[in-house]
Amino acid sequence: MHLVSLGITYAAQILLIADGAEWIWKHIPPLLERLGVIHKTEQLLDFYHVTEHLNRFSEAAFDKV
């Protein structure tokens, strides 16, 4: 496995950055559990996608009808 060859098991901390797509995030925990590194992991949404989702929310919530 590529992550193992990169030495992921020796990492002190692992930061996963991705958009909010459910298909991405549902596959990550089982992978990290198999690697034995789930306890070292933090998850972060990338700034671009966060602002994109907030913009859509604000347009829907504050739309002037």
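The values are calculated or read from the model by the stated rules, or taken from the named source; none is laboratory data. Worth saying up front: this structure is predicted, and the values here are computed from it rather than measured. FYI the Cβ positions are ideal-geometry reconstructions off the backbone, even for glycines, and counts take in every protein chain you see.
Test GLU52 against the stated conditions and say whether it is in a helix (DSSP H, G or I) and loosely packed, with under 12 Cβ neighbours inside 10 Å.
no
Among the residues of the stretch 5-25, write down those that are in a helix (DSSP H, G or I), loosely packed, with under 11 Cβ neighbours inside 10 Å and of a type in the set (A, V, I, L, M, F, W, C).
Across the stretch 5-25, the qualifying residue is only TRP23.
Quick one: which of PHE47, PHE57, PHE62 is aromatic (Phe, Trp, Tyr) and within 17 Å of the chain's Cα centre (by Cα)?
On inspection, the qualifying residue turns out to be PHE47.
Do we have ILE28 as surrounded by 13 or more Cβ atoms within 10 Å (Cβ to Cβ), in contact (Cβ under 8 Å) with a residue 12 or more places away in the chain, of a type in the set (Val, Ile, Thr) and out of contact with any Cys (no Cβ under 9 Å at 6 or more places or on another chain) here?
yes
Residue-by-condition table, conditions (1) aromatic (Phe, Trp, Tyr); (2) within 9 Å of the chain's Cα centre (by Cα); (3) farther than 28 Å from HIS53 by Cβ; (4) modelled with pLDDT of 85 or more:
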{"position": "MET1", "(1), (2), (3), (4)": "no, no, yes, no"}
{"position": "VAL4", "(1), (2), (3), (4)": "no, no, yes, yes"}
{"position": "ALA11", "(1), (2), (3), (4)": "no, no, yes, yes"}
{"position": "ILE14", "(1), (2), (3), (4)": "no, no, no, yes"}
{"position": "ILE17", "(1), (2), (3), (4)": "no, yes, no, yes"}
{"position": "ALA21", "(1), (2), (3), (4)": "no, yes, no, no"}
{"position": "LYS26", "(1), (2), (3), (4)": "no, no, no, yes"}
{"position": "PRO30", "(1), (2), (3), (4)": "no, no, no, yes"}
{"position": "GLY36", "(1), (2), (3), (4)": "no, no, yes, yes"}
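For the stretch 36-49, what are the residues that are among the hydroxyl-bearing types (Ser, Thr, Tyr) and assigned to a helix (DSSP H, G or I)?
If the condition is that a residue be among the hydroxyl-bearing types (Ser, Thr, Tyr) and assigned to a helix (DSSP H, G or I), then TYR48 is the only one that fits.
Condition test on GLU59, is it at pLDDT 85 or above and either among the aromatic types (Phe, Trp, Tyr) or surrounded by 10 or more Cβ atoms within 10 Å (Cβ to Cβ) (or both)?
When the stated conditions are applied, GLU59 does not pass them.
Can you tell which of GLY20, GLY7, GLY36 is touching a residue at least 24 places away in the same chain (Cβ under 8 Å) and on the phi > 0 side of the Ramachandran plot?
Checking each option against the conditions leaves just GLY36.
Matching residues to (1) touching a Leu at 6+ places or on another chain (Cβ under 8 Å); (2) farther than 20 Å from HIS2 by Cβ:
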site	(1), (2)
LEU15	yes, no
TRP25	no, no
GLY36	no, no
LEU45	no, yes
THR51	no, yes
SER58	no, yes
